[in-house]
Amino acid sequence: MNGTGGSHHQQQHRLRQQQQQQALLMQQALQQQQQQQYQSGVLAAAAAAAMTQMEPISNGNLPPGFDPSTCRSVYVGNVNPNVTESLLIEVFQSAGLVERCKLIRKEKSSFGFVDYYDRRSAALAIMTLHGRHIYGQAIKVNWAYASTQREDTSGHFHIFVGDLSSEVNDATLYACFSAYPSCS
């Protein structure tokens, strides 16, 4: 009897160990699931907050009187000549539903305009796609506006600023020179 009682005791001990391991694995899986839900909730909340507060920084090249709050179109510059309208649409769809796209082909660097159905998509495109490389060229993305809105710069002085770090953009330069009344 002693032999069977010992083996029964060992079986119960192994069964308890297996149950404890299963309980531990279940607890770990539950904790992991809760952590993932928390993280996705935090990310979703952060994304929602960012979407409601996001606004591209004006690069200083917008004409006086231009109102980006009503604009749904973006200008795309420095576009590689190999880029097609369909590729441009595909890239810009990442920011929102594209209403229309027009690509003006040039030999060395093309440019174009992308119209969205809503302003938020245009703002998101400016924030997320400016500087993106397509076929090795960093595209420039900004609000689109009619050339008749462009400021008259005939009375301005013109200076060349070169050999700048890649971190320096139009907004940085504008901030540096905006103390002067004829800065554009």
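Of everything in segment 139-166 that is surrounded by 11 or more Cβ atoms within 10 Å (Cβ to Cβ) and of a type in the set (A, V, I, L, M, F, W, C), the residue that is modelled with the lowest pLDDT is Ala144.
Selection of first residues in segment 79-92 that are in the same structural domain as Ile139 (by TED's automatic domain parsing) and within 20 Å of Ser121 (Cβ to Cβ) and of second residues that are of a type in the set (Val, Ile, Thr) and loosely packed, with under 15 Cβ neighbours inside 10 Å, restricted to Cβ pairs under 9 Å at least 6 apart or on distinct chains, gives the following pairs, ordered by first then second residue: Val79/Ile104. Report yes if Phe111 is assigned by TED's automatic domain parsing to the domain that holds Ser166 and touching a Gly at 6+ places or on another chain (Cβ under 6 Å), otherwise no. Answer is yes for this residue.
The values are calculated or read from the model by the stated rules, or taken from the named source; none is laboratory data. Quantities reported herein were computed from a predicted structural model and do not represent experimental measurements. Cβ atoms come from the backbone with ideal geometry, glycine included; neighbour counts cover every protein chain shown.
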